[in-house]
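The values are calculated or read from the model by the stated rules, or taken from the named source; none is laboratory data. Treat the numbers as computed from the prediction; the structure is a model and nothing was measured. A quick note on method: Cβ atoms are made from the backbone with ideal geometry, for glycine too, and the neighbour counts reach across all protein chains shown. Surface accessibility is based on the protein's heavy atoms, side chains included, excluding ligands, DNA and RNA. Shrake-Rupley method; radii C 1.70, N 1.55, O 1.52, S 1.80 Å.
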Amino acid sequence: MEIFTYGFMLQALAGALIVGVAAPAVGVFLVQKRMALIGDGLGHVALTGVAVGFLTNTSPLWTTLLVTALGAVAVEWIRGRGRASGDVALALLFYGGIAGGVFVTSLASGKTNANLTEYLFGDLMSTTVQDLWVIGILGAVVVTAMLLLRPWLAAICHDEEHAVVAGLPVRTLNLLLAVTTAVTVSVAMRAVGLLLISALLVVPVVTAQQFTRGFAVTMYAAMGLGLLSSGAGVVTAGLLDVPPGAAVVLTAVGMFVVLAVARGVLTAVRRRHHRSPLGAARAG
Amino acid sequence: MIVDVKSAVVGYDDRPVLRGVDLSVEPGEAVALLGANGSGKSTLVRAALGLVPLSAGTAALFGVPVARFRQWRRIGYVPQRLGAGGGVPATVAEVVAAGRLAHRRIPWPAGAKDRRIVAEALEAVGLADRAGDAVGTLSGGQQQRVLIARALATRPDLLVMDEPTAGVDAANQELFATLLADRLAHGCGVLLVAHELGPVASLIHRCVVLSHGEVARDVTAAEARATRDPAGDHPHDPAHHHDMWSAALWRSSPTASCSRPWPER
């Protein structure tokens, strides 16, 4: 634990914790909307954003924010307007994003010695105090918006048609969710890397929903699990000197596996209980 | 007139689904929309609600063209089934509470009144004791009751229901008929897409039969009683004949409408 006496390590931990709470708060809506992979798609687009930052010599966070937000709006537009399905839009994002990133980075190669790797896999340890402020503010905005808008966003993600007949501003809410996802991806890329962002959006949610009965509870539990896995992941990374992004995601996946097995065992036990005469009488 | 569709034409990919259909519902009137699969029933309902664009004709709700209609809180929509979504669970109470969103201001939390109305709606469909359960663990009939409760929680002046009794057992259909009778007595209009009418047959005032995207019959229950086979297009289908016999039981006069369908909204 000695390593946490270093400022950079604490900053890394704080950044990871914020991302850990914020990502599942958005992810729960994406999972319900069957757009679990949009985070991945936007992560790929973010690569182009980072490259634009290299090219223009501006902070990659802001260019990424801009480019992913545009990408998110474009996907929403394609989904809403055309008859193209969600995964066709995603495919365009994936390949366009990577190709754009590689292309623009090579254009910028004379200008900078920065490389894409630290964004692909995350570079949490280099989090500065200034970065932390940005992550903190954006993370707070994301979490607040998702908590306040939960009933409305849940309604559009659950049954968009019913939401239209209920008179909800469906298009606005969809755009808001898309842009919030883009913000989350841009903020989280430092912590877990663009290739692993989707894991933090999705894995805590699917872990939580194995044991929950309600939407709100799932959301809170997922945020808790996100916090737990990013905290445990960063500590593990600090102790073992491994990349924090990978440690965070592995912790999250580990929690899923442990809880899935626990649930399987519980279900089997319950079923046996129900099959016994006493259980059957109670069930009937 | 609370639903007023005139000469509606809808086509998907140049294939006409509705070819100039008229449909109207008055306050306190129950209209059943009948027809074979693919006759355009669901499309007509969706067009009346503005969910599918019309390529010709007009659709109005409460006298306002559907594109400019904003009083969505007056409409309770019961879709055919509960969407599964991406698998995030929701409790029965959470689903029913979505019926209050039309009344709530973003982003203010639900008030005591919203919670009371949700509780009443759950009580009305007999699911108060399941409020905290995951909706996915309920039977098909119970899920249908959840959707009806969600529509009731909106406190609508018009209930639009897409096959609300499909696959629902007799006990649930009786409950549904009771709820429907209560709403009609309070002046709520009802538009019901149905395959078979079952226990609600006696509540229906008018019956519109669609066939190949056109209105084959638009008859009052009295006329239906006089006609042996109002559908006409299924002369050899015994199951259909059975329905038509139950049609003979239809009541004729619309329930006297009441000016205030709900004590509060």
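Within the group A:Val129, A:Val143, A:Val179, which residue is closer than 28 Å to A:Leu17 by Cα, of a type outside the set (Gly, Ala, Ser), more than 14 Å from chain B (Cβ to nearest Cβ) and under 18 Å from the mean Cα position of the chain (by Cα)?
Just a single option satisfies the conditions, and that option is A:Val179.
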A careful count of residues in segment B:44-58 that are within 13 Å of another protein chain (Cβ to nearest Cβ) and in contact (Cβ under 8 Å) with a residue 12 or more places away in the chain gives 7
Would you confirm whether any residue within segment A:163-170 is more than 9 Å from chain B (Cβ to nearest Cβ) and touching a residue at least 40 places away in the same chain (Cβ under 8 Å)? no
Would you be able to say whether some residue in segment A:60-69 is over 27 Å from B:Pro89 (Cβ atoms), open to solvent by 20 Å² or more (accessible area, probe 1.4 Å), small (Gly, Ala, Ser) and out of contact with any helix residue (DSSP H, G or I) (no Cβ under 7 Å at 6 or more places or on another chain)? no
If you go through A:Leu147, A:Leu93, A:Leu168, A:Leu176, the only one that is in a loop (DSSP other than H, G, I, E, B), hydrophobic (A, V, I, L, M, F, W, C) and surrounded by 13 or more Cβ atoms within 10 Å (Cβ to Cβ) is A:Leu168
Could you tell me whether B:Val125 is within 14 Å of chain A (Cβ to nearest Cβ) and more than 18 Å from A:Met146 (Cβ to Cβ)? no
I'd like the residue in segment B:84-101 that is in contact (Cβ under 8 Å) with a residue 40 or more places away in the chain and in a loop (DSSP other than H, G, I, E, B) and, out of all such residues, is most open to solvent (accessible area, probe 1.4 Å). B:Ala84
What residue, among those in segment B:102-122 that are over 22 Å from the mean Cα position of the chain (by Cα) and not in a loop (DSSP other than H, G, I, E, B), is nearest to the other protein chains (Cβ to nearest Cβ)? B:Asp114
Does B:Ala131 qualify as being among the hydrophobic types (A, V, I, L, M, F, W, C), over 30 Å from B:Tyr12 (Cβ atoms) and open to solvent by 40 Å² or more (accessible area, probe 1.4 Å)? no
Can you find even one residue in segment B:144-160 that is more than 9 Å from every other protein chain (Cβ to nearest Cβ), open to solvent by 40 Å² or more (accessible area, probe 1.4 Å) and in a loop (DSSP other than H, G, I, E, B)? no
What are the pairs with Cβ atoms under 7 angstrom where one residue, in segment A:192-216, is within 21 Å of B:Gly132 (Cβ to Cβ) and the other, located anywhere, is part of a loop (DSSP other than H, G, I, E, B) and among the acidic types (Asp, Glu)? Sequence gap at least six, or different chains. A:Arg213/B:Asp133
Go through (1) of a type in the set (A, V, I, L, M); (2) surrounded by fewer than 22 Cβ atoms within 10 Å (Cβ to Cβ); (3) at pLDDT 95 or above one by one and return the number of the condition A:Ala208 breaks. (2)
Output the residues belonging to segment B:14-57 that are assigned to a strand (DSSP E or B) and either in contact with a helix residue (DSSP H, G or I) (Cβ under 7 Å, 6 or more places away or on another chain) or of a type in the set (A, V, I, L, M, F, W, C) (or both). B:Val17, B:Leu18, B:Val21, B:Leu23, B:Val25, B:Ala30, B:Val31, B:Ala32, B:Leu33, B:Leu34, B:Gly35, B:Ala56
Would you say A:Val242 is in a helix (DSSP H, G or I) and not polar (S, T, N, Q)? no
Sort through B:Val200, B:Val209 and tell me the only one that's surrounded by 18 or more Cβ atoms within 10 Å (Cβ to Cβ), at pLDDT 65 or above and touching a Phe, Trp or Tyr at 6+ places or on another chain (Cβ under 9 Å). B:Val200
Test B:Val78 against the stated conditions and say whether it is more than 10 Å from chain A (Cβ to nearest Cβ) and surrounded by 18 or more Cβ atoms within 10 Å (Cβ to Cβ). no
When you go through B:Arg68, B:Arg73 one by one, which is the residue that is of a type outside the set (Asp, Glu), within 14 Å of chain A (Cβ to nearest Cβ), open to solvent by 40 Å² or more (accessible area, probe 1.4 Å) and part of a helix (DSSP H, G or I)? B:Arg73
Go through the residues of segment B:12-19 one by one and say whether even a single one is basic (Lys, Arg), touching a residue at least 40 places away in the same chain (Cβ under 8 Å) and more than 21 Å from A:Glu161 (Cα to Cα). yes
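Does A:Leu120 fit the bill of being away from every other protein chain (no Cβ under 14 Å) and either out of contact with any Pro (no Cβ under 6 Å at 6 or more places or on another chain) or surrounded by fewer than 23 Cβ atoms within 10 Å (Cβ to Cβ) (or both)?
yes
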Starting from residues that are more than 16 Å from A:Met146 (Cα to Cα) and among the aliphatic types (A, V, I, L, M), keep the ones in segment B:88-100 and report whichever is farthest from the other protein chains (Cβ to nearest Cβ). B:Val96
Mind checking whether some residue in segment A:126-136 is closer than 30 Å to A:Val235 by Cα, among the polar types (S, T, N, Q) and not in a helix (DSSP H, G or I)? yes
Restricting attention to segment A:206-226, and to residues there that are within 14 Å of A:Ala154 (Cα to Cα) and aliphatic (A, V, I, L, M), which single residue is nearest to the chain's Cα centre (by Cα)? A:Met219
